[in-house]
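Read through the structure below, which is laid out as structure tokens, and then see the notes.
The values are calculated or read from the model by the stated rules, or taken from the named source; none is laboratory data. Small disclaimer: the values here were computed from a predicted structure and weren't measured. When we count neighbours, we look across all protein chains shown, and the Cβ atoms used for this are built from the backbone with ideal geometry, even at glycine. These accessible areas exclude ligands, DNA and RNA; they are computed on the full protein's heavy atoms, side chains included. Shrake-Rupley method; radii C 1.70, N 1.55, O 1.52, S 1.80 Å.
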Amino acid sequence: MFPPVRKAVFPAAGLGTRFLPATKAVPKEMLSLVDKPLIQYGVEECVAAGLLHSIIVTSRGKTTIEDHFDQSFELEQVLARRDKKELLAVARSVAKLTQISYVRQAEALGLGHAVLCARELVGPEPFAVVLSDDVIDSVAPCVGQLAAVHAKYGASVIALMEVPRDQISSYGSVDADEVEPGLFKIKSLVEKPKPEEAPSNLAIIGRYVLTPEIFDSLTKITPGAGGEIQLTDGMRHLLGTQPIYGLKFEGRRFDAGDKQGFLRATVEFGLKHPALGESFRGYLKGLSL
Ligand code: UTP
């Protein structure tokens, strides 16, 4: 039996430059798909997978994330006074979702550095990393799919997705052997390779389960692509001492940190929304495109 995955780290201290000007004063993680901020989708995914402690890595200008997951006494009082029971339940439920801790990354030195900032809060146990701008629509929570592989092999596991080769330079990519249908043993990893140098068209998506030894690896690497401490480089270092697996997860992923991806996700989640879906479908059908 391997130790269970109980905690999830949400790096949310990036600058969100692809989504300017929206992200100038509003954290990317707080952009909403229909009626819920991106980071809440990620937290709910972890709760559904049984991970009941979320650790959010924030920075200056991100206090709305903390406010969102906190109680809002004034709002609750007004809703109670107006007898808006359903809205009151919605407002209250967010603060009760899960246990959340916060840690600050003083400078945006890269995703790997953001993960390292959570070291003390994670401690010596396996943990998940969730990039909340990768929104995943799936039957089984993607983090849970990775945790199931960790439970079997006791190793780090990363989420993989096939992408067209000309798009691979936007992602980390892996060289890997398929050991079970959809499950790969990683041989090497590279961050944002040129298409002609990419080891495969398997892209690393923003869900990981990592063993705690990743923290030591992250202290040993130097800045990589974009001058940042890259998580992919840390995992390549870890691969020197431990196996790492990759899972082609079941589900659809939307890059909601990108304007085009965000629009697509908005349409898809709008269509699936229990209260709005039907009328939204009617509206879309009526568009003369
Ligand atoms: P991204 O590569 O999406 O970077 O980071 P970004 O700065 O948020 O957005 P763009 O590319 O400029 O538009 C992936 C994740 O890592 C976090 C981001 O908040 C995002 O969730 N991150 C990145 C940090 O927490 N700290 C960093 O130094 C860099």
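What the table below lists for this structure:
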read-out	value
Percent accessible area from carbon and sulfur atoms, the stretch 1-55, protein chains only, probe 1.4 Å	63 percent
Accessible area per residue in Å² at 1.4 Å probe, computed on the stretch 197-289	51 Å²
Given Lys96/Lys272; Lys185/Lys220; Lys96/Lys185; Lys96/Lys152, the pairs whose alpha carbons are separated by over 28 Å	Lys96/Lys185; Lys96/Lys152
Hydrodynamic radius (Kirkwood) for the stretch 233-289, which is based on Cα pairs only, to one decimal in Å	14.7 Å
Order by protection proxy (mean Cβ within 10 Å, highest first), peptides 94-103, 22-31	22-31, 94-103
Environment charge at Gly50 (Cβ cut-off 12 Å; Lys +1, Arg +1, Asp -1, Glu -1)	+1
Bridge type composition, the stretch 1-141 - antiparallel percent by DSSP, nearest 5	10 percent
Cα centre as origin, Lys/Arg/Asp/Glu Cβ charges: the chain dipole, Debye	520 debye
Equivalent ellipsoid semi-axes, the chain, via Cα gyration tensor eigenvalues times 5, rooted, Å	32, 23, 19
14 Å beta-carbon shell around Arg236, net charge (K/R +1, D/E -1)	-2
